[in-house]
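All remarks here apply to the structure that follows.
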Amino acid sequence: KNEVEQSPQNLTAQEGEFITINCSYSVGISALHWLQQHPGGGIVSLFMLSSGKKKHGRLIATINIQEKHSSLHITASHPRDSAVYICAARQGAQKLVFGQGTRLTINP
Amino acid sequence: KAGVTQTPRYLIKTRGQQVTLSCSPISGHRSVSWYQQTPGQGLQFLFEYFSETQRNKGNFPGRFSGRQFSNSRSEMNVSTLELGDSALYLCASSFDRVITEAFFGQGTRLTVV
């Protein structure tokens, strides 16, 4: 069993839909990161969470430390949100343990 | 402000050869970490460097090594290349040792034939 599990692995939705991607982890963490990877490989850091909830534009990330679970939500989804979303559990200062990623496709 | 720069972007090597990849962090950033991404294993942590010292290493064989220079630029080296080393190698930089926000380079795509 992977230390960081994401679901779903693939998600296809229509423009405007509310999107939720889930991340569960079994390891001790110092923080949880959400990343976005576009075709071609470039990775962008979206959020770092150690507790509670963060919001940036249409993106919202939450974490429940007791349940070892985090969610990434996208409101009013748009085709430009199509990408692979990756959660990563940070152990210590820099070591990141990654989930397998969720491939999101938003159709117009 | 320039982002994280990785060179080269693409590389083709033959089994048994060695390769050196370079990562220049954002100016002022002192930490560099390296990751390997393959279709089968996904993203995996390779090493982290801070102040020219390797602080942590992932579960990779000794063929994988790295270093960090006084200007924070980092290199990783893979010796005796195997077909399974074909991957996208990503580095990330952060200002301090603890990653609060990681800035990733575009990666080096290594193909071993």
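No value in this document is a laboratory result; all are computed from the given coordinates. Given the structure is predicted, the values throughout are model-derived calculations rather than measurements. Positions of Cβ are generated from backbone atoms using ideal geometry, with glycine treated the same way; all protein chains shown enter the neighbour counts.
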Between B:VAL113 and A:ASN22, what is the label-to-label distance in nm when each label sits 7 Å out along the Cα-to-Cβ direction? 4.5 nm
For Cα pairs less than 8 Å apart in space and 6+ apart in sequence, what is the mean separation divided by the residue count of the stretch B:28-92, i.e. the relative contact order in percent? 34 percent
Theoretical gain in end-to-end length, A:VAL44 to A:SER30 [0.36 nm per residue, Cα-Cα removed]: 3.1 nm
B:ARG9 and A:ASN10 label points (each 7 Å along its Cα→Cβ direction) are spaced in nm at 2.8 nm
The exposure ranking of A:HIS78, A:HIS56, fewest beta-carbon neighbours within 10 Å first, is A:HIS56, A:HIS78
